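Q: Below is a structure I'd like to ask you about.
The values are calculated or read from the model by the stated rules, or taken from the named source; none is laboratory data. Note that the coordinates shown come from a computational prediction; the quantities given were computed from them, not determined experimentally. Neighbour counts are summed over all protein chains in view; Cβ atoms, including those assigned to glycine, are modelled from backbone coordinates with ideal geometry. Surface accessibility is based on the protein's heavy atoms, side chains included, excluding ligands, DNA and RNA. Shrake-Rupley method; radii C 1.70, N 1.55, O 1.52, S 1.80 Å.
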Amino acid sequence: MNRGAAITISGCGKTFADGTRALSPLDLDVRAGETLVLLGPSGCGKTTLLRLIAGLEAPDAGGHIRFDGADVTTLPIEKRNVGMVFQSYALFPNMSVIDNVAYGLRVRGMAQAARRAQAAGVLEMMRIDALAQRRIDQLSGGQRQRVALARALAVEPRVILLDEPLTALDAALREHLRGEIDALLKRLAITAIYVTHDQAEALALGDRIVVMRNGAIAQVGTPRDVYFRPADDFVADFVGVTNRLTGSVADGRFETASGFVPLPPDLTSPAAAPAGQGAARLLFRPEAARLASPADATLVFEVVQVEFQGARQKVTLKDPAGTRILVEAPADGTLAPGTAVGLILDPARISLA
Amino acid sequence: MNRGAAITISGCGKTFADGTRALSPLDLDVRAGETLVLLGPSGCGKTTLLRLIAGLEAPDAGGHIRFDGADVTTLPIEKRNVGMVFQSYALFPNMSVIDNVAYGLRVRGMAQAARRAQAAGVLEMMRIDALAQRRIDQLSGGQRQRVALARALAVEPRVILLDEPLTALDAALREHLRGEIDALLKRLAITAIYVTHDQAEALALGDRIVVMRNGAIAQVGTPRDVYFRPADDFVADFVGVTNRLTGSVADGRFETASGFVPLPPDLTSPAAAPAGQGAARLLFRPEAARLASPADATLVFEVVQVEFQGARQKVTLKDPAGTRILVEAPADGTLAPGTAVGLILDPARISLA
Amino acid sequence: ADAICYNCPPEWADWGSMLKAIKADTGIDVPQDNKNSGQSLTQILAEKASPVADVAYLGVTFGIKAKDAGVTQPYEPKGFAEIPAGLKDKDGNWFTIHSGTLGLFVNKDALGGTPVPACWADLLKPEYKGLVGYLDPTSAFVGYVGAVAVNGAMGGSLDDFKPGIEYFKKLQANQPIVPKQTSYARVVSGEIPILFDYDFNAYRARYSDMGHFEFVIPCEGSVVVPYVMTLVKGAPHPEAAKKVLDYVLSDKGQTMWAKAYLRPARDIKLPPEVASRFLPAADYARAKPVDYAKMEAAQKAFSEAYLNAVK
Amino acid sequence: MHSADRLARMFLLPLFLFVAAFFLLPMVRLVGVAGSGPNGMAEYLAILTNPRHFATLVATLLLSAAVTAATLAIGTVVALFLARNRFFGRPLLVSLLTLPLAFPGVVVGFMVILLAGRQGLLAGLSMGLGLGRWVFAYSMAGLFAGYVYFSLPRVLVTLMAAVEKLDPALEEAARSLGAGRTQVLRDVTLPGIAPALMASGAIAFATAMGAFGTAFTLATRIDVLAMTIYTEFTLNANFATAAALSIALGLITWVVLALARNLAGSGVAAAG
Amino acid sequence: MKPHRLTFAFQLGVTLLACAFLMVPAGASILAGFTVNYFRGVSSGLTLKWIGEVLALYSDTILLSIAIALGTLGVTLLIGVPAAWALARRPSRLTRLVEEVVTLPVAIPGLALALALILAYGGIREFRMSPLFILTGHVLYTLPFMLRAVMAVLAAVDVRTLEEGAASLGASPLQRFFHVVVPNARGGILAGALMVVTLSIGEFNLTWMLHTPLTKTLPVGLADSYASMRLEIASAYTLVFFVMIVPLLVALQLFGRTVEGTAK
Ligand SMILES: Nc1ncnc2c1ncn2[C@@H]1O[C@H](COP(=O)(O)OP(=O)(O)OP(=O)(O)O)[C@@H](O)[C@H]1O
Ligand SMILES: Nc1ncnc2c1ncn2[C@@H]1O[C@H](COP(=O)(O)OP(=O)(O)OP(=O)(O)O)[C@@H](O)[C@H]1O
Ligand SMILES: [Mg+2]
Ligand SMILES: [Mg+2]
């Protein structure tokens, strides 16, 4: 299979006929062969951007889309050679599995025998060759998903576009197929653009993630960039849980209602800190905290709720000011709501804002 | 509010008119005031069991259901005084929120003013009093969920039955409401039976969990029982991920393709081990394992796939025999597929089978 | 309603005015009814066990049929004796109340310049293509009367319908319109410019509707057809029914028919302004009565022959 | 829910009684009458053995088939157009097109006369253009026009709903695979609305088979079954033949509807 | 997808032609109803005379049609709504059969139905002569439409679960029917009701056979007027019919849309 095209989007906005401004003009480069995830809350314009790239919508005047440098802005979808996987799968109910997969080859005029053979190959690669003769309504959700992917890949597209392809499945299956798709996209090294509003999916799958908000790009970066160095509060909250304590910085310590946190030198240096002294917010992810006995810790909280999760437990704490935070603890210790507990933060994983 | 009834189910099977055997005759005791979760894969009979308890279905001949000792087997649902929360909520679209909540009081003949007052009290408890006059279609999914719960609680039922009450919501909201329901049920100390196929929900909410399979009970126990001492492979796999290595036990060690595991004395004692010596399987949960450099470990695996999850990463490993296992690792280290990695198991959290 | 008449349509033979007059003079309320003779007889037959109708107004052959089917009862209203023999059942199971003459009812405006035809034969000419209509002879009584008239004019008899059927076969070349129901309105509107129809319809159009209408008694001759009434056997309101039958044969009733351009059954004196509206007697001389019993008997065979021959 | 079962039985009782008394029993009578004529049970075969009746049956079937085909063809084009385009005046157009939905057959017949009678609009138009007088109201063509008039709104309602329900992603998927317009229409759109085509086609066919009002109003030498039944019954008082023909007509219509429903899933009669 | 220019033009053309085909004769009929002499054209002047004549001649048919339509509506509501619930509640082979039998009158030509009714009940004179006879026919013909409209909505809004919800709160079956089923089937009931009234007012096939001189309905009068009246009177009568039925049809359209909306 071909390696996939690089895509250059420049100045592409989208205003719908009814006046809805779904996308503000934006620029985005997609590298050949990478898996780019568009992540954001509902209505932020992910699907719209995907449809612009597919050629199902035209950008507002001034926008341009290039595949490997060639301008495709006015090319209709059927000429762009893109594979698409829809949330609803959009499999043709009037055709068998193999006919679905072979359809793209059929409209390209390939002879029956040849296209069947090629489609059978794709089915085999997806490990669904046993289903070839089934009707679509005889397939489970996960099987449909695979057929949709097979159909999109059968025409050896330059780019594959996936719009929330796993949303219709239940949690366990979603996690399983997420791994499969990841492996497949990495193996094929095809350019893939993957839309989701599920941060776990985005973190797991993306070579890079585009976090979107209100029709604009909030951040572009690798999953680690986005998780560990969020560009703003919006990204921080949308990708993972962020705890915030309010207080003040003084003498290399962060003072708050539940106690204090000694700050590492890099946070107190005048260059790093937004406010080297005075009122500030301390930010940390749940996994940066560890529970301890109140005596061993400089922060003391009250346990509000404990949720057993098997591998660990999720503990909600509150400080005397009522601020709630969420941390994780190993599943072995039992914690009763109402008791006091100490909290130790990993200095390498806290930040001030 | 009353403390809730104890429920005794004895010899209750269910065969549908079309011959489907949804439940084999089973016995189950529900303690007054406890939250019992029915957990199991789709089609295992959870809903059927719940509907038997509700009085929406009659058990096959020979089955009996008792509420606080009184036989209610032939009592129709409207006489059982049970509250129900449906997956689809089943709110009456022709009534406002408050009328929905007051409906149970209305059919009991309570005067308009009195029932409104009582319903308003329940709405307040659920912190949705501001919505009292809304139409149902003006509510979000989470709000509907709360109204459904309020409606079921307003009649002060002896038992509250919930059939996958959170399935219709998206992941974030589901997690949030799960906590709320947990707190509420604990506070009211009402007998609650909660159906779900989501193990995280079951572990978080249940005082006890009934794991079901094919119309029969596979295990009944506390969340910790079920997670840490699963009755069989089915339960172990359904509740959390279980890794299995095949090998043999000899001289207090478990020998397998990827190396060996020193066994703690309790596992090798003739009393504990199913096979103190000879062929055996080693079982452990992902969180019982820790990655290390190959030099520091007695087990060495090859990295197959790494899924970044923000707080941590999920790593798929395989041993020379091709057996795959799943472990977790902190998100900071980067692991490349194909490299060798050592694995250290927590001796307290492994078992042999 | 005090009495039910089957086939008393307000727009036919001016039954509308007659029913009003009956109501005014006798106090008997008879609702209008738009069945045709065939439909009426069928209904009466279907309702034989417990009749709805008290009286029925029928084309003569249907009167004969009704009697044969045993759904009538004898009644001789006042004036029965004055009806000429041949135009009544001897026991009074049916009797003529008025008669009409079949001819061509022509809407001159709708002819578009084509001359008014004078003979049956004229209608076969190509210039009449699309202008001619006749009621389906197998389903409407008027249609059958037309067939009998044409057949007679072409030299046939009630024993021999060949000439008539030949005529209809030829007429098909002119693509006639063949409705199954009375089509007075369609002539008036110009939809059917020439229709085989009764004189009274044509006169009514001529003297009370706007436009230019004529009635033609074709040169080859035609037939006169009596319309009869009968008292239904087991009539639910026999007394009122008898009063209605008396009324239509009374002087007043007969005069009213004449005002509606129908020949009264009794020989009463016509008001001059009415008499002057009819075609001259010389024209009427070409229209003859036939043996109505025989006409009835021949109908079924004719229908079969017609249906098989004319397509 | 035993108590609810009892209520359900109570609620069904009036329906049972009504249907038994006013449908089943009369139909049994009808079947009896059909067999009680001079020809006995052979009357049922009359529709096949009497050449005139058989010819009428064939004509009726052909007419109904033609009406169905024409209505579906027009309906598909219009439904696709209306469902896919949003423009000023569209709601009005949709309303106008579906307005004649419940015009009874007699009115439809009258509309045909106004359209294609001697004094009709088409006659006026063609005379004005010097093409002679177009008159077809009183022929099979008139009945054809009438039935199309009658069926088009029904078919449109069903087809428009079907096109709107069609997942647009299906067509987009086909295009993403490289299919052009006609290919998308042939491979995705038409198969997608096939059940609706079946369903509404069956309705059009059934109505054309049994409709009487239009034929009655045009009332000329159009030989269709409904007219024959009417003539046999009201003019010839031939109850047995009329009943036998009615039963035959009812059976044929019902079989067509049942077949279509099996092929297209339920909801066939819904447009009724 | 944006349609191709030629395709667009073709589709637009067909649509407009279809619309003209449906609307122009209706327009002509309305115009004729107001024209002094249609044969001579509008130039002969406009008048309300024909409408007046129609009202004088046929007002009883109009009133009877309205009465029968309302009566039919009443009976279909009384029989149909409870039965629809009972049938929709537990779909089984039996309920399928019942549905099939009940909907059969739609498939069987009206002529045959009327014939059967006359043969079976024509002998009972009081019944035969009263409007109830026609009403019976109309109920037979419209009942399936009511049943289907209500059953469709019941299936769409999952009334079964709503009922279970009400039952869990202590409501008896009858309370559930009136508090939950009927209010939530409102859309279907209303759509069915409009359909029933529209169909009843326009019903001809059955009525033509069933009517007696005392029980003439509007369409029967219409057929009479088409056959025996001037075109202008027939047109004026048609106009009266339009005035009665078009608002119903418009309501049906508006309503059908909202019902579909809730069903989604
Ligand atoms: N055809 C359209 N006409 C008008 N507005 C539209 C259209 N399609 C989308 N929008 C609007 O554009 C905005 C962006 O929509 P888009 O579908 O791209 O969001 P999304 O990020 O994919 O959301 P989701 O996660 O819900 O799928 C929304 O406000 C949406 O309502
Ligand atoms: N009314 C019914 N008639 C026949 N079979 C039924 C009926 N209801 C349920 N079943 C069957 O009984 C079995 C158990 O169904 P049940 O609904 O109790 O499963 P469940 O555990 O609730 O599954 P899910 O998680 O999918 O809701 C299934 O095989 C189901 O198909
Ligand atoms: Mg989207
Ligand atoms: Mg269930």
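Q: Which of the residues that make up the stretch A:13-48 are part of a strand (DSSP E or B), open to solvent by less than 10 Å² (accessible area, probe 1.4 Å) and within 14 Å of ligand 3 (Cβ to nearest atom)?
A: Across the stretch A:13-48, the qualifying residues are A:Leu23, A:Val37, A:Leu38, A:Leu39.
Q: Shifting gears a bit: Go through (1) of a type outside the set (Val, Ile, Thr); (2) part of a strand (DSSP E or B); (3) closer than 26 Å to A:Arg229 by Cα one by one and return the number of the condition B:Gly333 breaks.
A: Failed condition: (2).
Q: Further, regarding this structure: Pick out the one residue from C:Pro264, C:Pro226 that is more than 30 Å from C:Ala46 (Cβ to Cβ) and either open to solvent by less than 30 Å² (accessible area, probe 1.4 Å) or at pLDDT below 90 (or both).
A: Details: C:Pro226 fails: more than 30 Å from C:Ala46 (Cβ to Cβ).
Sole residue among the options that is more than 30 Å from C:Ala46 (Cβ to Cβ) and either open to solvent by less than 30 Å² (accessible area, probe 1.4 Å) or at pLDDT below 90 (or both): C:Pro264.
Q: Do we have any residue at all in the stretch D:71-92 that's closer than 25 Å to C:Ile194 by Cβ, open to solvent by 10 Å² or more (accessible area, probe 1.4 Å) and touching a helix residue (DSSP H, G or I) at 6+ places or on another chain (Cβ under 9 Å)?
A: As a first pass, look at the stretch D:71-92 and keep what is closer than 25 Å to C:Ile194 by Cβ: none.
No: the stretch D:71-92 contains no residue that is closer than 25 Å to C:Ile194 by Cβ, open to solvent by 10 Å² or more (accessible area, probe 1.4 Å) and touching a helix residue (DSSP H, G or I) at 6+ places or on another chain (Cβ under 9 Å).
Q: Can you name the residue in the stretch B:142-166 that is within 16 Å of ligand 4 (Cβ to nearest atom) and more than 9 Å from every other protein chain (Cβ to nearest Cβ) and is also farthest from B:Asp198 (Cα to Cα) among such residues?
A: B:Leu162
Q: In the set E:Arg93, E:Arg89, which member is in contact (Cβ under 8 Å) with a residue 12 or more places away in the chain and charged (D, E, K, R)? Break it down stepwise before answering.
A: On the way: E:Arg93 fails: in contact (Cβ under 8 Å) with a residue 12 or more places away in the chain.
Exactly one residue qualifies, and that residue is E:Arg89.
Q: Further question on the same structure: Considering the stretch B:63-73 alone, what residues qualify as being away from chain E (no Cβ under 14 Å), open to solvent by less than 60 Å² (accessible area, probe 1.4 Å) and out of contact with any Ser or Thr (no Cβ under 9 Å at 6 or more places or on another chain)?
A: The answer is B:Ala70, B:Thr73.
Q: Do we have any residue at all in the stretch B:141-150 that's touching a strand residue (DSSP E or B) at 6+ places or on another chain (Cβ under 7 Å) and part of a helix (DSSP H, G or I)?
A: Initially, the stretch B:141-150 is screened for residues touching a strand residue (DSSP E or B) at 6+ places or on another chain (Cβ under 7 Å), giving B:148-149.
From what's left, part of a helix (DSSP H, G or I): B:148-149.
Scanning the stretch B:141-150 turns up at least one residue that is touching a strand residue (DSSP E or B) at 6+ places or on another chain (Cβ under 7 Å) and part of a helix (DSSP H, G or I).
Q: Something else about it: If you check D:Thr207 against the conditions, is it touching a residue at least 12 places away in the same chain (Cβ under 8 Å), open to solvent by less than 10 Å² (accessible area, probe 1.4 Å) and part of a helix (DSSP H, G or I)? Even if it seems obvious, please write down each step before you answer.
A: On the way: touching a residue at least 12 places away in the same chain (Cβ under 8 Å): yes; open to solvent by less than 10 Å² (accessible area, probe 1.4 Å): no; part of a helix (DSSP H, G or I): yes.
So D:Thr207 does not fit the description; no.
Q: Would you be able to say whether some residue in the stretch A:306-317 is more than 22 Å from B:Lys186 (Cα to Cα) and open to solvent by 40 Å² or more (accessible area, probe 1.4 Å)? Walk me through how you get there before you give the answer.
A: First pass over the stretch A:306-317, keeping only residues more than 22 Å from B:Lys186 (Cα to Cα): A:311.
Then keep just the ones that are open to solvent by 40 Å² or more (accessible area, probe 1.4 Å); that gives none.
No, the stretch A:306-317 has no match at all.
Q: Within the stretch C:7-30, track down each residue that is in contact with a strand residue (DSSP E or B) (Cβ under 8 Å, 6 or more places away or on another chain) and within 7 Å of another protein chain (Cβ to nearest Cβ).
A: C:Pro9
Q: For a quick check of your reading of the model, give me the residue pairs whose first member lies in the stretch E:186-204 and is farther than 23 Å from E:Asp158 by Cβ and more than 9 Å from every other protein chain (Cβ to nearest Cβ), whose second is crowded, with 24+ Cβ neighbours inside 10 Å and of a type in the set (Val, Ile, Thr), with beta-carbon atoms closer than 7 Å and at least 6 apart or on different chains.
A: E:Val196/E:Thr72; E:Val196/E:Thr76; E:Val196/E:Thr142; E:Ser200/E:Ile68; E:Ser200/E:Thr72; E:Ser200/E:Thr142
Q: Can you tell me which residue in the stretch B:54-64 is farthest from ligand 3 (Cβ to nearest atom), limited to those that are touching a residue at least 40 places away in the same chain (Cβ under 8 Å) and part of a loop (DSSP other than H, G, I, E, B)? Walk me through it before giving the result.
A: Narrowing the stretch B:54-64 to residues touching a residue at least 40 places away in the same chain (Cβ under 8 Å): B:54, B:57, B:59-60, B:62-64.
With the extra rule that they be part of a loop (DSSP other than H, G, I, E, B), the set shrinks to B:57, B:59-60, B:62-63.
On the way: B:Glu57: 40, B:Pro59: 46, B:Asp60: 47, B:Gly62: 53, B:Gly63: 48 Å.
Once the filter is applied, the top-ranked residue is B:Gly62.
Q: If I filter the stretch D:25-37 down to residues being surrounded by fewer than 18 Cβ atoms within 10 Å (Cβ to Cβ) and more than 7 Å from every other protein chain (Cβ to nearest Cβ), which single residue comes out as nearest to E:Tyr141 (Cα to Cα)?
A: Going through the stretch D:25-37, the residues surrounded by fewer than 18 Cβ atoms within 10 Å (Cβ to Cβ) turn out to be D:25, D:28, D:31-32, D:35-36.
After this cut, where a residue has to be more than 7 Å from every other protein chain (Cβ to nearest Cβ) as well, the list is D:28, D:31-32, D:35-36.
Details: D:Val28: 18, D:Val31: 19, D:Gly32: 22, D:Gly35: 25, D:Ser36: 27 Å.
Checking each candidate, the answer is D:Val28.
Q: Also: Across the stretch D:165-204, what is the number of residues that are open to solvent by 10 Å² or more (accessible area, probe 1.4 Å) and within 11 Å of chain E (Cβ to nearest Cβ)?
A: Residues that pass the stated criteria total 10.
Q: Looking at the structure I just gave you, is B:Arg51 among the basic types (Lys, Arg), open to solvent by 10 Å² or more (accessible area, probe 1.4 Å), outside any loop (DSSP other than H, G, I, E, B) and out of contact with any Ser or Thr (no Cβ under 9 Å at 6 or more places or on another chain)? Can you show your working first?
A: Values: among the basic types (Lys, Arg): yes; open to solvent by 10 Å² or more (accessible area, probe 1.4 Å): yes; outside any loop (DSSP other than H, G, I, E, B): yes; out of contact with any Ser or Thr (no Cβ under 9 Å at 6 or more places or on another chain): yes.
For B:Arg51, the condition - among the basic types (Lys, Arg), open to solvent by 10 Å² or more (accessible area, probe 1.4 Å), outside any loop (DSSP other than H, G, I, E, B) and out of contact with any Ser or Thr (no Cβ under 9 Å at 6 or more places or on another chain) - is met.
Q: Tell me whether the stretch C:48-64 contains one or more residues that are open to solvent by less than 20 Å² (accessible area, probe 1.4 Å), modelled with pLDDT of 90 or more, more than 14 Å from the chain's Cα centre (by Cα) and not hydrophobic (A, V, I, L, M, F, W, C).
A: yes
Q: Can I ask one more? Are there any pairs, at least 6 apart or on different chains, whose C-beta atoms fall under 8 Å, with the first in the stretch C:115-139 and modelled with pLDDT of 90 or more and the second part of a loop (DSSP other than H, G, I, E, B) and acidic (Asp, Glu), and if so, which?
A: Sorted first by the residue in the stretch C:115-139, then by its partner, the pairs are C:Cys119/C:Glu220; C:Trp120/C:Glu220; C:Ala121/C:Glu220.
Q: Suppose the filter is facing another protein chain (nearest Cβ under 8 Å), more than 20 Å from the chain's Cα centre (by Cα) and touching a residue at least 40 places away in the same chain (Cβ under 8 Å); does E:Val98 pass it? Step through it out loud before you land on a result.
A: Numbers: facing another protein chain (nearest Cβ under 8 Å): yes; more than 20 Å from the chain's Cα centre (by Cα): yes; touching a residue at least 40 places away in the same chain (Cβ under 8 Å): no.
No.
Q: Related question: Counting only residues that are crowded, with 22+ Cβ neighbours inside 10 Å and touching a Pro at 6+ places or on another chain (Cβ under 7 Å), how many does the stretch C:7-31 have?
A: 1
Q: Additional query: For the stretch E:202-221, which positions are under 12 Å from the mean Cα position of the chain (by Cα) and either open to solvent by less than 10 Å² (accessible area, probe 1.4 Å) or more than 13 Å from E:Ser65 (Cβ to Cβ) (or both)? Outline the logic, then answer.
A: So in the stretch E:202-221, the residues under 12 Å from the mean Cα position of the chain (by Cα) come out as E:202-204.
Of everything in the stretch E:202-221, those that are under 12 Å from the mean Cα position of the chain (by Cα) and either open to solvent by less than 10 Å² (accessible area, probe 1.4 Å) or more than 13 Å from E:Ser65 (Cβ to Cβ) (or both) turn out to be E:Gly202, E:Phe204.
Q: If I filter the stretch A:74-119 down to residues being part of a helix (DSSP H, G or I) and surrounded by fewer than 16 Cβ atoms within 10 Å (Cβ to Cβ), which single residue comes out as farthest from the other protein chains (Cβ to nearest Cβ)?
A: A:Ala113
Q: Mind telling me which of the residues A:Thr47, A:Thr15, A:Thr35 ends up being within 15 Å of ligand 1 (Cβ to nearest atom) and within 23 Å of the chain's Cα centre (by Cα)? Break it down stepwise before answering.
A: On the way: A:Thr15 fails: within 23 Å of the chain's Cα centre (by Cα); A:Thr35 fails: within 15 Å of ligand 1 (Cβ to nearest atom).
Matching residue, one of A:Thr47, A:Thr15, A:Thr35: A:Thr47.
Q: To continue, here is another question. Sort through E:Val180, E:Val150, E:Val139 and tell me the only one that's without any contact (Cβ under 8 Å) to a residue 60 or more places away in the chain, closer than 15 Å to E:Pro82 by Cβ and surrounded by 24 or more Cβ atoms within 10 Å (Cβ to Cβ). I'd like the intermediate steps shown before the answer.
A: Values: E:Val150 fails: without any contact (Cβ under 8 Å) to a residue 60 or more places away in the chain; E:Val139 fails: without any contact (Cβ under 8 Å) to a residue 60 or more places away in the chain.
Step by step, each of E:Val180, E:Val150, E:Val139 is checked, and only E:Val180 is without any contact (Cβ under 8 Å) to a residue 60 or more places away in the chain, closer than 15 Å to E:Pro82 by Cβ and surrounded by 24 or more Cβ atoms within 10 Å (Cβ to Cβ).
Q: Now, a different point. Give the residues of the stretch D:1-24 that are more than 7 Å from chain E (Cβ to nearest Cβ) and open to solvent by 50 Å² or more (accessible area, probe 1.4 Å), sorted by residue number.
A: Across the stretch D:1-24, the qualifying residues are D:His2, D:Arg6, D:Arg9, D:Met10, D:Leu13, D:Phe16, D:Leu17, D:Leu24.
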